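Colleague: Here you go, one structure.
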Amino acid sequence: MTSAGKTIVVDAHCHLGRTARREWKAEHLIRIMDTYGIDHAIIFPSSNFDENDFSKSNDLIAEAVKEHPDKLTGFARINPHKGERAVQELIRSKEKLGLKGVKLHPTMEVYPANSRIVHPIMKTATQLRMPVIFHSGTPPYALPSQIADVAIRFPRIPVVMAHMGKSLETEAIASAKRASNVILETSGASSRIGLIESAVKTLGAERLIFGSDWPCCHPAPEKLKIEVLELSRDEKAAILGKNIMRILSKTE
């Protein structure tokens, strides 16, 4: 998306909350965004092993969005192991908290991404029109092929493959080709020359979105990774913001 010639930049992968190092708050992220030219960010809870249903963390995400509505959009973190409680937390996150999407982390919660355990979450997300972002690139639970399996089974919602499969980028591109609703997100993906261009050539620029994985990674080099690509201005604008804004526009 552009405005008066300016490319709108949306970071589609940011965490708030406590990590092993410190507590990360919205103010920290906003300061980084303002410094490095990020207009908007999607936020969801960090991994918190003290609270494995994420209800309190989802509340904090909603509070951050309420305080910074022009800067932040919230996604819920959901643990499928919680069964019906997880489904109800997802419904609450959309209907009570106003969160727009779902983050699933098969590695942290220890389940194969294509396990039946995720089906109730995916079914509910489809009903609520909430895109789902999966952590990817960490064997054996978060393989790109597993995420494509889920996307094929639930074709009516966007399924974002975070990190573009990391070192499994070739599998990520091939898996996204299998499932037309898979979107590749670039945080932590290899900066090997030609990799992202190859994904664009294979899938189209509309199938990729920019993310940083803040605070695990800094947005500045992740953004630069897109800006230096041998792509057209329109293709870069699509990846940096237009594509995710289009996805979010369909969540109402």
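The values are calculated or read from the model by the stated rules, or taken from the named source; none is laboratory data. Only a predicted model underlies this, so the values are computations on that prediction, with no experimental measurement involved. Note that each Cβ is placed from the backbone with ideal geometry, even for glycine, and that neighbours are counted across all protein chains shown. Ligands, DNA and RNA are stripped out before the accessible areas are found, and what is left, the full protein with its side chains, is counted by its heavy atoms. Shrake-Rupley method; radii C 1.70, N 1.55, O 1.52, S 1.80 Å.
Colleague: Using the heavy atoms of the protein chains and a 1.4 angstrom probe, tell me the accessible area per residue for segment 180-252 in square angstrom.
Modeller: Values: 3200 Å² over 73 residues.
Counting only protein heavy atoms, the per-residue value for segment 180-252 is 44 Å².
Colleague: Explain nothing, just the number: dipole magnitude of the chain about its Cα centre with +1 on each Lys and Arg Cβ and -1 on each Asp and Glu Cβ, in debye rounded to the nearest 20.
Modeller: Values: 35 positive and 29 negative charges, 98 e Å.
Computed charge dipole of the chain: roughly 480 debye.
Colleague: Can you send over the carbon and sulfur percentage of the accessible area for segment 167-252, probe radius 1.4 Å, protein chains only? Please report the intermediate quantities before stating the final value.
Modeller: Numbers: 2100 of 3870 Å².
The computed percentage sits at 54.
Colleague: Still on this structure: In deg cm²/dmol and to the nearest 500, what is the mean residue ellipticity at 222 nm of the chain if only DSSP H runs of at least 4 residues count, each as -39500 (n - 2.57), divided by the residue total?
Modeller: On the way: 11 runs with 100 residues, N = 252.
After summing the helix terms and dividing by residue count, I get -11000 deg cm²/dmol.
Colleague: Measuring with a 1.4 Å probe in the full set of protein chains, what accessible area per residue, in whole Å², belongs to segment 80-142?
Modeller: Dividing the accessible area of segment 80-142 by its residue count gives 42 Å².
Colleague: Send over the per residue convex hull volume for segment 110-252, Cα only, as a whole number of Å³.
Modeller: 101
Colleague: Follow-up question, since we're still on this one. Compute the convex hull volume of the Cα atoms of the chain, divide it by the residue count, and report the result per residue in Å³ as a whole number. Don't skip to the answer; put the middle values down first.
Modeller: Working: hull volume 28.0 nm³, N = 252.
Looking at the chain, the number lands at 111 Å³ per residue.
Colleague: Considering only 46, 145, 167, give the residue with the highest GNM mean-square fluctuation for the chain, with springs between Cα atoms whenever their separation is below 10 Å.
Modeller: 167
Colleague: Given charges of +1 on the Cβ of Lys and Arg and -1 on the Cβ of Asp and Glu, with all other atoms neutral, how large is the dipole of segment 93-136 about its Cα centre, in debye to the nearest 20?
Modeller: Values: 7 positive and 2 negative charges, 36 e Å.
About 180 debye.
Colleague: Just how large is the dipole of segment 11-100 about the Cα centre, in debye to the nearest 20, putting +1 at every Lys and Arg Cβ and -1 at every Asp and Glu Cβ? Provide the component values of the computation, followed by the final result.
Modeller: Working: 15 positive and 15 negative charges, 34 e Å.
It comes to approximately 160 debye.
Colleague: Oh, and also: Find the centroid of the Cα atoms in segment 188-247 and in segment 49-95, then give the distance between the two in whole Å.
Modeller: That distance is 26 Å.
Colleague: Restricting everything to alpha-carbon atoms, can you work out Rg to Rh for segment 55-142 with a Kirkwood hydrodynamic radius? Write down the numbers at each step before the final one.
Modeller: Values: Rg = 12.9 Å, Rh = 13.2 Å.
Computed over Cα atoms, the ratio is 0.98.
Colleague: Run through segment 182-229 and list the trypsin sites (Lys or Arg not before Pro) located in a DSSP loop whose Cβ has at most 15 other Cβ atoms within 10 Å. Walk me through the numbers on the way to the answer.
Modeller: Numbers: sites: 192, 201, 207, 223, 225; in loops: 192.
Those satisfying the criteria are 192.
Colleague: How large a share of the accessible area of segment 18-88, in percent, is made up of carbon and sulfur atoms when the probe is 1.4 Å and the other protein chains stay in place?
Modeller: On the way: 1830 of 3760 Å².
Carbon and sulfur: 49 percent of the exposed surface of segment 18-88.
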